[in-house]
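What follows draws every value from the coordinates through simple rules; no lab data is involved. Predicted model, so just to flag it, every value in this text is computed and none were measured. Note: ideal-geometry Cβ built from the backbone for every residue, glycine included; neighbour counts use all protein chains shown.
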Amino acid sequence: TTASPSPNPTHDTHPSPSAVKTITLLPPSASLAPSFRSQSLFTSTILNTTNYYRTAHNATSLTYNTTLAAFASSHAASTSCTLTHSASSPYGENLAIGCSDVQGCVELWGDERDRYNFRRAGFDKETGHFTQLVWKGTREVGCGRQWCGEETRWFLVCAYWPRGNVMGRFGEEVQGRVD
């Protein structure tokens, strides 16, 4: 199930681009996966899974940015485990809650590609995680997570720079599969 705040997309007419953010809601899972508990495994899983999708869509690999990670971690810790995007963030952002492991969260975002219409490129709240994930202009990612208890499990926040999902730029920034 995907939940999304009411987007107010803008057009690429301003010096600093505005983007639409989306969130994913997953059923709870009874996992304390090592990929959430170990920082090095968390970071490598984020990069490996993200870059798998980016390579498949002709986008360069992202690097991990600790400033973005600190921002994402702070946001994850401050939301009381609610799927709420950070206010006035300069970053692109993907949120997920209830994942059993990190790879599963990123794959849910990436697998939205099966619903994306590459012939009519544009924003859709059902595929906004995917388009941010493979946005060609994005170069860095940093993520944070918060344990939200037995009922909710893990809350994952990833921040991206430069941000994606800029209205009017989807055709050039989101490529079809090349693999």
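Values as computed for the structure displayed
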item	result
Per-residue ³J(HN,Hα) for the stretch 55-68, Karplus 6.51 cos²θ - 1.76 cosθ + 1.60, θ = phi - 60°, Hz, x for Gly and Pro	4, 5, 10, 6, 10, 5, 5, 8, 10, 8, 10, 6, 5, 5
Packing-based ranking, highest mean first, of 75-85, 114-124, 48-58, 100-110 given that Cβ atoms within 10 Å are counted	100-110, 48-58, 75-85, 114-124
Modelled FRET efficiency - R0 30 Å, Ser80 with Glu126, Cβ distances, 0.05 increments	0.70
Semi-axes of the equivalent ellipsoid for the stretch 19-173, Cα gyration tensor, largest first, Å	23, 15, 15
Where labels lie 7 Å past Cα in the beta-carbon direction, separation of Ser38 and Arg139 in nm	3.1 nm
Packing-based exposure ordering (other Cβ within 10 Å, fewest first) of Glu93, Glu140	Glu140, Glu93
Phi-based couplings in Hz for the stretch 95-102 (Karplus 6.51, -1.76, 1.60; Gly and Pro marked x)	10, 8, 9, x, 6, 7, 8, 5
FRET efficiency, 1/(1 + (r/R0)^6) with R0 22 Å, evaluated for Arg115 and Ala56 via beta carbons	0.90
